[in-house]
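Below: the structure, in structure tokens.
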Amino acid sequence: MTGYGKAEINLPKANFTVEVKSLNAKQIDTTIKMSSIYRDKEIELRNLISEKLQRGKIEISIWRENSESFSSYNLNSEVISDYFKQIKKIAEELNINTTDILPSLLKMPDVIQKGEEKVNEIEWDEIQKGIDSAIANLLQFRLDEGKKLEADIKSRIHKLADLLNEIAPFAKARIEKVRKNLSEKLAEIDLKNMDENRFEQELIYYLEKQDITEEQVRLDAHLNYFTETMIAESVNGKKLGFIGQEIGREINTIGSKSSDIDMQKIVVQMKDELEKIKEQLLNIL
């Protein structure tokens, strides 16, 4: 499910901002953006995300803003001193002025060194609290959106049930129309040389093939089962998806048996509602 969570951590030496975003995905796919000094914490962080978010395309970003003067670069005083002594000795021999030598010294190799960055465990503990807070905010975001999602899907299931009820009178009238047409055709046919028993069996078989009563009953049962599964304590998006597939099969069968234009229009509406339900189910874990 899509979601967003944010948290801020204010420490004496630095301020941190943690953002967690999630998009729909069948499996968990995590992208982490943070300073390289925390890379040894990446596996720990991935395990935490997998445990709490389970599924989705997850992106977590951790930004640092120093709240006081900070530099990870140091001057190597021993190297500078050694360079200065050698240059001063040569300058005296050649009678050269060394007054403005410092800028040149700073350009010499190994004078400026990048300090070794290490993880401050106390600082990381605070960052972890921020990560937990951001994830909690994302989960709350999902929960709020989930309530809206539940209401939308329920309304569409109810719409499908209403459309199913609308089909019933058309289905009954259609069978009666088929019977009437067959009777009129049979009146025009000479049945003297036909096996009446075989003919009646074929006729019954044909009418049964046109009947959608079984599909109506199964579709109604699937709609009720879908609703029961939705209101269960542990909602499973995949399970709802499977029930949705069964609903689709019954709708398609009804459509294939429907020669009546009014029934076909209702079937199209049912397919449209079901497609919207399937799209929403991608948001359910």
*For segment 129-144, which residues satisfy the criterion of being within 20 Å of LEU11 (Cα to Cα) and surrounded by fewer than 17 Cβ atoms within 10 Å (Cβ to Cβ)?*
LYS129, ASP132
*asked:* What are the pairs with Cβ atoms under 9 angstrom where one residue, in segment 82-102, is farther than 22 Å from ILE112 by Cβ and the other, located anywhere, is of a type in the set (Ser, Thr, Tyr) and surrounded by 10 or more Cβ atoms within 10 Å (Cβ to Cβ)? Sequence gap at least six, or different chains.
replied: ALA91/THR98; GLU92/THR98
*asked:* Could you check segment 26-37 and list, in sequence order, the residues that are part of a helix (DSSP H, G or I) and either modelled with pLDDT of 90 or more or surrounded by 14 or more Cβ atoms within 10 Å (Cβ to Cβ) (or both)?
replied: ILE37
*asked:* So for segment 235-243 (the condition being out of contact with any helix residue (DSSP H, G or I) (no Cβ under 6 Å at 6 or more places or on another chain), aliphatic (A, V, I, L, M) and farther than 17 Å from ALA168 by Cβ), does at least one residue qualify?
replied: yes
*Assess whether ALA134 counts as being at pLDDT 90 or above, more than 30 Å from GLU214 (Cβ to Cβ) and assigned to a helix (DSSP H, G or I).*
yes
*Quick one: in segment 74-107, which of the residues that are assigned to a loop (DSSP other than H, G, I, E, B) and surrounded by 10 or more Cβ atoms within 10 Å (Cβ to Cβ) is farthest from the chain's Cα centre (by Cα)?*
ILE96
_If I filter segment 43-63 for residues that are assigned to a strand (DSSP E or B) and either acidic (Asp, Glu) or exposed (fewer than 15 other Cβ atoms within 10 Å of the Cβ) (or both), do I get at least one hit?_
yes
*asked:* Take the conditions exposed (fewer than 12 other Cβ atoms within 10 Å of the Cβ) and assigned to a loop (DSSP other than H, G, I, E, B) and apply them to ASP40. Does it pass?
replied: no
*All positions within segment 226-262 that are part of a loop (DSSP other than H, G, I, E, B) and under 23 Å from the mean Cα position of the chain (by Cα)*: ILE231, ALA232, GLU233, SER234, VAL235, ASN236
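Looking at LEU106, LEU191, LEU160, can you tell me which residue is at pLDDT 80 or above and of a type outside the set (Val, Ile, Thr)?
LEU160
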*Specify the residue that is farthest from LEU282 (Cα to Cα); the eligible residues are those in segment 1-25 that are outside any strand (DSSP E or B) and in contact with a strand residue (DSSP E or B) (Cβ under 9 Å, 6 or more places away or on another chain).*
LYS13
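Condition check ((1) within 20 Å of LYS148 (Cα to Cα); (2) modelled with pLDDT of 90 or more) across all residues:
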{"site": "THR227", "(1), (2)": "yes, yes"}
{"site": "GLU233", "(1), (2)": "yes, no"}
{"site": "PHE242", "(1), (2)": "no, yes"}
{"site": "GLN245", "(1), (2)": "no, yes"}
{"site": "GLU250", "(1), (2)": "no, yes"}
{"site": "ILE266", "(1), (2)": "no, yes"}
{"site": "LEU282", "(1), (2)": "yes, no"}
{"site": "LEU285", "(1), (2)": "yes, no"}
*Scan segment 201-225 for residues that are modelled with pLDDT of 85 or more and assigned to a helix (DSSP H, G or I) and report the count.*
13
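The values are calculated or read from the model by the stated rules, or taken from the named source; none is laboratory data. The structure displayed is predicted, hence computed values, not measured ones. Neighbour counts are summed over all protein chains in view; Cβ atoms, including those assigned to glycine, are modelled from backbone coordinates with ideal geometry.
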